[in-house]
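Q: One structure, pasted below without further comment.
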Amino acid sequence: MYVVGGSASQSLSKELAKVLKAKLATVEIRRFPDDECYVRIDDNLDGEDVFLVQTTWPDGKIIELFLLQDAVREFEVSSLTTIVPYYGYARQDKQFKPGEPISARALARLIQVQTDEFFTVDVHAPNVIDWFDQVPARNIFAYPAIGRHLKTRGIQLVLSPDEGRAENAKRVADVVGCDSDFLVKERLDGETVEMAPKSLEVEGKKVAIVDDIISTGGTIAKAAEQLKKQGAAKIFAACTHGIFAKDGLAKLRGVCDEVCATDTIENPATCISVASEIAKAARD
Ligand code: R5P
């Protein structure tokens, strides 16, 4: 059994190989002077079950994934499971305006051509999985890993930024062993919006705000400022996919006591691995 790691998912690939007791393939990945991508797998994968791990963000990582799939297929592998820990483009899962592509579907159609099975983690729009109609596909939840981490921090309340993500906050809270709630926004005047939990108080509590994606960090930063004013003792920001566009991480670190993200995207806030959750799915 082999894990092949793309350049977007190096530490997760290493961790996954450890948990699966698989070999980590030696892979060379580089760019030509004209920026075209070159990949080469140095191990012999004939007869092996192969797990190829590569997040499809930013764009350059997508072509690298296709080349790695093709390189794996050049061997006579026993099976190929393609794992996309963060599925870029999942937020364009429908036509918002005529003339637009359904970007998430475009990616699905291409990825499934060269694989026997597909896994992703906390995909933003769960209907993305349905576009994998040629191979078995699975969305793996990161909440057990996030919950285990927050438990070590003594979190007393888990909040989602809105009602739409309340179910995920509840799942995390169940792992931590604490309450959950979701934030509601109230517009006080043209310029002031207040955010507070729907039913529970934050005063004196260690609170975690959990979202699937942190992009600019704006949503959680605003919420954290408000919760501080309401007397929260400590505020933790946690997410599955930490994009942290622009100065997103610095902004959040300015208002939160801790910012943590999983290794679906590798960045300075990564402190939770989803390797065990992926390994569980791989063994099923
Ligand atoms: C939105 O649908 C997502 O679940 C996140 O709430 C969103 O991506 C957060 O964006 P930002 O970090 O830019 O506020």
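Computed from the coordinates by the stated procedures, all read-outs in this text should not be read as laboratory data. Because the structure is a prediction, the values reported are computed rather than measured. Glycine also receives a Cβ, built like all others from the backbone with ideal geometry; neighbour counts cover every protein chain displayed.
Q: What fraction of the DSSP beta bridges in the chain is antiparallel, stated in percent and rounded to the nearest 5?
A: That works out to approximately 20 percent antiparallel.
Q: Just name one of 255, 273, 156: the one whose Cα is farthest towards the positive end of the charge dipole of region 134-284 (beta-carbon charges, Lys/Arg +1, Asp/Glu -1).
A: My answer, from the dipole projection, is 273.
Q: Please work out how much length the chain gains when fully extended from residue 162 to residue 94, using 0.36 nm per residue of separation minus the C-alpha to C-alpha distance, in nm with one decimal.
A: Difference between extended and current length: 22.4 nm.
Q: Filter the chain for me: DSSP H helices, axial length by Cα at least 18 angstrom, mean Kyte-Doolittle hydropathy not below -1.0. List them by residue number.
A: In the chain, the long hydrophobic H runs are 60-73.
Q: Most mobile of 103, 13, 180 per a Gaussian network model of the chain (Cα springs, under 10 Å)?
A: 103
Q: What does a probe at residue 188 reach in region 207-228, counting residues whose amide N is under 17 Å from the point 7 Å along Cα→Cβ?
A: 222-228
Q: Taking the Cα centre of region 189-284 as origin, sum charge times position over the Cβ atoms of Lys and Arg (+1) and Asp and Glu (-1), and report the length of that vector in debye to the nearest 20.
A: The calculation lands at about 200 debye.
Q: Using modelled amide H (1.01 Å from N, peptide plane; none on Pro or chain starts), what sits under 5 Å from the amide H of residue 232, excluding residues fewer than 5 places away?
A: Close amide H contacts, sequence-distant or interchain: 204.
Q: In the structure displayed, which of 170/229; 229/251; 185/222; 21/151 lie more than 21 Å apart, Cα to Cα?
A: From 170/229; 229/251; 185/222; 21/151, over 21 Å: 170/229; 21/151.
Q: A follow-up question, please. Could you tell me the relative contact order of the chain? Use alpha-carbon pairs under 8 Å, at least six residues apart, and round to a whole percent.
A: Answer for the chain is 14 percent.
Q: While we're looking at this one, here's another question. Which whole-number percent is the relative contact order of region 87-227 (Cα, under 8 Å, 6+ apart)?
A: Rounded, it is 18 percent for region 87-227.
Q: Take the Cα atoms of region 1-138, find their three principal axes, and give me the spread along each one in whole Å, biggest first.
A: Projected onto the principal axes, the Cα atoms of region 1-138 cover 47, 37, 25 Å.
Q: Ignoring everything except DSSP H segments at least 4 long, calculate the 222 nm mean residue ellipticity for the chain; use -39,500 (n - 2.57) per segment, divide by total residues, nearest 500.
A: -9000 deg cm²/dmol
Q: Something else: When the chain is modelled as a GNM with alpha-carbon springs shorter than 10 Å, which of 132, 182, 32 fluctuates the most?
A: Most flexible of the set in this elastic network: 32.
Q: Please sort by residue number the trypsin sites (Lys or Arg not before Pro) in region 203-265 whose DSSP state is loop and whose Cβ has at most 16 other Cβ atoms within 10 Å.
A: The qualifying sites are 246.
Q: A further question on this structure: Say each of residue 26 and residue 106 gets a label point 7 Å from the Cα, pointing the same way as Cα to Cβ; how far apart are those two points in nm?
A: According to this spin-label approximation, the distance is 3.8 nm.
Q: How much length would be gained if the chain were fully extended between residue 127 and residue 152, taking 0.36 nm per residue of separation minus their Cα-Cα distance, in nm to one decimal?
A: 5.7 nm
Q: Ok, one more. Mind putting a number on the dipole of region 69-149 about its Cα centre? Charges go on the C-beta only, +1 for Lys and Arg and -1 for Asp and Glu, and I need it in Debye to the nearest 20.
A: It works out to roughly 400 debye.
Q: Identify all aspartates and glutamates with a Cα-Cα distance to residue 280 below 16 Å; exclude those on the same chain that are fewer than 8 residues away in sequence.
A: Correct list for residue 280: 15, 49, 117, 122.
Q: Moving on. Just want to confirm a number: the relative contact order over region 1-99, from Cα pairs under 8 angstrom separated by 6+ residues, in percent.
A: Relative contact order, region 1-99: 28 percent.
Q: Please work out the Cα convex hull volume for the chain and give it in Å³ per residue.
A: Spelled out: Cα convex hull of the chain, divided by residues, is 147 Å³.
Q: Here's another thing I want to ask about it. Please sort 255-261, 93-99 by packing, taking for each peptide the average over its residues of neighbouring beta carbons within 10 angstrom, highest first.
A: 255-261, 93-99
Q: Calculated FRET efficiency, residue 76 and residue 170, Cβ-Cβ r, R0 41 Å, to nearest 0.05?
A: Rounded to the nearest 0.05, the efficiency is 0.35.
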